[in-house]
Amino acid sequence: MTSHDYGAAGRLTAALESRLVSGLGGDAGVTRRAVLGAVGVAGGAGLAGVGGGTEAQYAGGDHEEEDHGTHGNFGAVGEYADRNFDPHAYLRQFNTGRDGQSTVEQRVYEEDGRTVREFDLVAVDTTIAIAPGVEFEAWAYNGQVPGPTLRAVEGDLVRVNFLNAGRHAHTIHPHLRNLNPAMDGVPTNGPGVLDQGESFTYEWIAQPAGVHFYHCHSLPLKEHIHRGLYGALIVDPDPERVRENPRAYTASEGPMTDEFREELVARARSRNHEYDDGDADELVMVMNGFDTNFDGDNEVYAVNTRAFAYGVGDTDGKGDWAAGETKRPIQVDGQRPVRVYLVNAIEFDPINSFHTHSQFFDYYDHGTTLTPTHRTVDTVMQCQAQRGIIELDYSDHEPGLYMFHAHQSEFAELGWMSFFEVV
Amino acid sequence: MADATPETTATDRPLGLPRWAAALLPLVLLGVLAAAFVVTAPLAALDTGGGALPDVTVSHATLPGEGTLVLHVTNNGPDAVTVSQVLVDDAYWDFQVRGAGGDATLAPGQSAQVAVPYHWNPGWDLETALVLADGTTIGHTVVAPATSPGLTAGLLWTLAVVGVFVGVIPVALGMLWFPFIQSMRRSSLNAVLAFSAGVLAFLAVDAGVEALELAESVPGYYEGPILVVVGVVGSLLLVQSVSAWRRGRAAAGDERATGGLWVAWLVAVGIGLHNLAEGLAIGSSFALGRVSLGAFLVLGFMLHNVTEGPAVIAPLADGERPRLRQFVGLGLVAGAPVIVGGWIGALAFTPTLGALFLAVGVGAILQVVWELRGMIATDAGVSAGAILAFLGGLAVMYATDLFVAL
């Protein structure tokens, strides 16, 4: 997994793990997952022994209960078995037309003096894992939820060849400043909804710069979105446009000095994937949720679909933890700035939020400005379809785990609970 | 049938087969048909790929300690289900599934326990839910959590003492009315018997209502209401068959099979079954931390059960006084099951077992009421006095029952 030293906790876990693994030796039937699970149990048992917890008694049973002697631990039990989607890979997957995911056909070329970024998207019916052992019947662009992250530069033409291979009628509606109503991806305009087997090529001008959202706009809207038809659409600012019209990119009303103009241009360059000045670790986080029992309320909340995927594999609740195979913190280099493209795709709940522990950040609502709209905050909220850019600096933080989660406690405990591991 | 007719030969060899072969023929054909069905799958067209919906019941929860919560789960459906995650108060929580063969998958009809390490608060309700593999949630509310005492020698002793006070002593005290009852005139005796029948009828109604209430929490797989009906009818027929056997013996001239002693034993068995269920209720309430067995409750039970004593011995009144050990035996059979019921209730309570015990008690009692009617009724039917005495039995039991709200 990772060669990083987690300190005493890591050594304890590693020792337990290796003892168990060697103890189980050549038993081919024992999976790593089972062993890790056993490590957790062994850890809990060890703890109960140390704490001298009372022997719990069972009515009518012969159970040897290991009462954790503590409050127990929240979190999903077990690891994810379905490896079709990797939320850790998804964080840093950008499809620019030039390169991106192998599952997204894409190309980039010039047309009438404009850069065209072309992508093939297919809506399919599929099943996704949303918590360990819990499957959800999703509708998904290219089979993944969230859909592929599309990235362009301000002023480019985004051309999407959309095929609907699902059983229901779908569209793609972009949250962009779109000048042609036929391209809006709603039932009343252009081709309207596309039935099974139908296709259409959407063309959108990538504007304004920012972090945006695309989703299906078929009715019933709640269901088409919550089933998984959405994704992030990032438009990088063009430094030349910023130089020409800097005022459009600031949240402040102060005087526009040459110095400030150059600073804005530099920020645009750092956000633009075509320039090399961007040294930030860029992460896409789509906050979403799933109603598995049709009660109009989400049973699972997450960033990027999988409950607790950026949590820890195991913890004794006493400060020791171990990374799991599929449930593990997001490792970030403390010496690089972290930029989060945050999108709220939640349904059923009016708002969602993002809260960092031991950290304050600058927030750029919708990402449409190059100066922050919120300075030095540790919590932002977003209504449905709202998005923004979060810039984090861990350069003076000690290495270790830093939690971040929705500060609706209910969402956090239902899966929207994550960690950065600063290394 | 015994008459020799021309068809005799044919019925000796039906369809020209030996009799045993003729008896097996339909079964063999059924087997062949079933095999053909499996092999050729003639109903494949009806298979739309749909499956039955998961049907899972959390029958009850136990709380062995302040740090643990145990949900008792049964899979009622025809397909296996997997408990993938567990929610406590809208939060995913650690859990272990016990009794499902090492994994979290329950076969059809299988029961298991989901143990959750959770530091619950006494009196603060817990909303729990099992999340199955397809996202289905099975909710269960633990109302006003309180620690379940669990199995200890102390608890067994306490329940035994309670059983003696609630079951054995009142019945024994009630039986001390025997000399008085024996001195009664026939019409008065009939009234006492009718009063006993009223007592028993009340117990039957009481237990029947309770059985049906409990049947609601019986996992669907066991068909709670049907289980209750079968339990009632089954035990009624069982006791009736014993009674019929007794009459057969009496008709054949067996001295011991005549007289009131038989009826007394039947009454004792019926009341014993009822008291078993009563003990079950006491034990399970205790096990679920739902009751404090205060002095008032025990006194209420004593008052309630003292009327069961004369019900047992009334059928003996017009015969000779039986030997002392008969009395002791009758008293123990009628009263001691409270102790046994208490233990079962505390150690292995399930709504299914509870409903079944209650139903069996109802059936036995109903048969005994019928038996008593036979003793009271004359050619002119049941006298007005006896009917009023029956009503009196019902009324007294209702009144004393008010003291024992568990």
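The values are calculated or read from the model by the stated rules, or taken from the named source; none is laboratory data. Please read these numbers as outputs of a predicted model, since none were measured by experiment. Reconstructed Cβ throughout: ideal geometry from the backbone, glycine too, with neighbour counts over all protein chains shown.
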Boolean, A:A412 is in a loop (DSSP other than H, G, I, E, B) and either out of contact with any Gly (no Cβ under 6 Å at 6 or more places or on another chain) or assigned by TED's automatic domain parsing to the domain that holds A:I234 (or both)
no
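Return the residue satisfying two criteria in turn: it lies in the range B:349-396 and is among the aromatic types (F, W, Y) and surrounded by 24 or more Cβ atoms within 10 Å (Cβ to Cβ), and of such residues it is modelled with the lowest pLDDT. Spell out how you get there, then give the answer.
Within the range B:349-396, the first condition is being among the aromatic types (F, W, Y), and the residues that meet it are B:349, B:357, B:370, B:390.
From what's left, surrounded by 24 or more Cβ atoms within 10 Å (Cβ to Cβ): B:349, B:357, B:390.
Values: B:F349: 73, B:F357: 80, B:F390: 91.
Looking at the filtered set, the residue picked out is B:F349.
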Strands (runs of 3 or more DSSP E) wholly in the range A:161-244 with at least 1 residues that are of a type outside the set (V, I, T), within 24 Å of the chain's Cα centre (by Cα) and at pLDDT 95 or above - which ones?
A:210-215, A:230-236
Please work out which one of (1) within 14 Å of chain A (Cβ to nearest Cβ); (2) among the aliphatic types (A, V, I, L, M); (3) within 13 Å of B:H60 (Cα to Cα) is the condition B:V142 fails and give its number.
(1)
Selected residue [surrounded by fewer than 19 Cβ atoms within 10 Å (Cβ to Cβ) and touching an Asp or Glu at 6+ places or on another chain (Cβ under 9 Å)] from B:G224, B:G220:
B:G220
Say whether the condition of being buried (at least 19 other Cβ atoms within 10 Å of the Cβ) and farther than 14 Å from B:A61 by Cα is met by at least one residue in the range B:110-126.
no
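Is it the case, given these coordinates, that B:V171 is farther than 25 Å from B:L347 by Cα, surrounded by 14 or more Cβ atoms within 10 Å (Cβ to Cβ), under 29 Å from the mean Cα position of the chain (by Cα) and not small (G, A, S)? Spell out the reasoning first.
Numbers: farther than 25 Å from B:L347 by Cα: yes; surrounded by 14 or more Cβ atoms within 10 Å (Cβ to Cβ): yes; under 29 Å from the mean Cα position of the chain (by Cα): yes; not small (G, A, S): yes.
Yes; evaluated as a whole, the condition is true for this residue.
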Quick one: in the range A:94-126, of everything that is modelled with pLDDT of 95 or more and over 18 Å from A:V160 (Cα atoms), which residue is surrounded by the most Cβ atoms within 10 Å (Cβ to Cβ)?
A:T126
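Would you check if B:G135 is at the interface with chain A (Cβ under 7 Å from one of its Cβ atoms) and under 17 Å from A:G75 (Cα atoms)?
Working: at the interface with chain A (Cβ under 7 Å from one of its Cβ atoms): yes; under 17 Å from A:G75 (Cα atoms): yes.
It is true that B:G135 is at the interface with chain A (Cβ under 7 Å from one of its Cβ atoms) and under 17 Å from A:G75 (Cα atoms).
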From the options A:G334, A:G311, A:G319, residue that is small (G, A, S) and in contact with a helix residue (DSSP H, G or I) (Cβ under 9 Å, 6 or more places away or on another chain)
A:G319
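Across the range A:260-313, which residue is farthest from A:H355 (Cα to Cα) among those that are hydrophobic (A, V, I, L, M, F, W, C), assigned to a loop (DSSP other than H, G, I, E, B) and within 14 Å of chain B (Cβ to nearest Cβ)? Before you say what the answer is, go through the steps one by one.
The first filter runs over the range A:260-313 and keeps only residues hydrophobic (A, V, I, L, M, F, W, C), leaving A:260, A:264-266, A:268, A:280, A:283-287, A:290, A:294, A:300, A:302-303, A:307-309, A:312.
Subset that is assigned to a loop (DSSP other than H, G, I, E, B): A:280, A:294, A:307-309, A:312.
Right, trim to within 14 Å of chain B (Cβ to nearest Cβ) and you get A:294, A:307-309, A:312.
On the way: A:F294: 28, A:A307: 17, A:F308: 15, A:A309: 17, A:V312: 18 Å.
Step by step, filter the range A:260-313, then rank; the result is A:F294.
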So A:G53 ticks every box in (1) crowded, with 20+ Cβ neighbours inside 10 Å; (2) at pLDDT below 90 but one. Which box is left unticked?
(1)
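B:L173: under 15 Å from B:I365 (Cα atoms) and either outside any helix (DSSP H, G or I) or more than 14 Å from every other protein chain (Cβ to nearest Cβ) (or both), yes or no? Outline the logic, then answer.
Working: under 15 Å from B:I365 (Cα atoms): no; either outside any helix (DSSP H, G or I) or more than 14 Å from every other protein chain (Cβ to nearest Cβ) (or both): yes.
Spelling it out, it is not the case that B:L173 is under 15 Å from B:I365 (Cα atoms) and either outside any helix (DSSP H, G or I) or more than 14 Å from every other protein chain (Cβ to nearest Cβ) (or both).
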What are the residues in the range B:302-348 that are more than 14 Å from every other protein chain (Cβ to nearest Cβ), surrounded by fewer than 22 Cβ atoms within 10 Å (Cβ to Cβ) and either in contact with an Asp or Glu (Cβ under 6 Å, 6 or more places away or on another chain) or small (G, A, S) (or both), if any?
B:G319, B:G329, B:A336
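If you take the residues of the range B:198-217 that are out of contact with any Ser or Thr (no Cβ under 6 Å at 6 or more places or on another chain) and surrounded by fewer than 19 Cβ atoms within 10 Å (Cβ to Cβ), which of them is nearest to B:I271 (Cα to Cα)?
B:V205
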Look at B:V97 and say whether it is more than 29 Å from the chain's Cα centre (by Cα), of a type in the set (A, V, I, L, M) and within 11 Å of chain A (Cβ to nearest Cβ).
no
